[in-house]
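Asker: Encoded as structure tokens, here's the structure I'll be asking about.
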Amino acid sequence: MQFGVPGRFEGGAAERAGANVNPTLVRGMGMELTVVAEGKVTERHAITRLRVTIGRGLCDVRVHDPEVSREHCSITIRDGVPVLEDLKSANGTLVNGEVILDRVLADGDEIQIGMTILRIQIAARE
């Protein structure tokens, strides 16, 4: 599933600004990004904003990997759906081994940036 122009995701002004979302909307879905190293979860990051940036610079999720760009990619929540977008990174972004520009994420998808693996977990809570 893609939004807007094929191959590109276009969010609204609030999403681009990284505004906070209604906490029950995101937390109610139980979205979490985990960093996996050598098969073990080393960090967990709850997704509680409409837009979360990922990279080795001043990002919401900082990754200590020299092959990761300062602002490598972002996850934007649109209508409750997480969309991953590569931010013109030097080394690209992969989801489940496939190079992407943007992509709707599903529970258990593995995101690779540089040598780092991130896993998205989405669980609906009652």
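The values are calculated or read from the model by the stated rules, or taken from the named source; none is laboratory data. Here the structure is a predicted model, which means the values were calculated and not measured. All accessible areas refer to the heavy atoms of the entire protein, side chains included, with ligands and DNA or RNA removed. Shrake-Rupley method; radii C 1.70, N 1.55, O 1.52, S 1.80 Å.
Asker: Answer yes or no as to whether Asp107 is under 15 Å from Gly30 (Cα atoms) and of a type in the set (Asp, Glu). Show your work before the answer.
Answerer: On the way: under 15 Å from Gly30 (Cα atoms): yes; of a type in the set (Asp, Glu): yes.
Yes, satisfied.
Asker: Next question. Any residue in the range 39-46 that is under 13 Å from the mean Cα position of the chain (by Cα) and either among the aromatic types (Phe, Trp, Tyr) or open to solvent by 80 Å² or more (accessible area, probe 1.4 Å) (or both)?
Answerer: yes
Asker: Okay, next question. In the range 67-113, which residues are modelled with pLDDT under 95 and open to solvent by 20 Å² or more (accessible area, probe 1.4 Å)?
Answerer: Once the filter is applied, which keeps residues that are modelled with pLDDT under 95 and open to solvent by 20 Å² or more (accessible area, probe 1.4 Å), the range 67-113 yields Arg78, Asp79, Val81.
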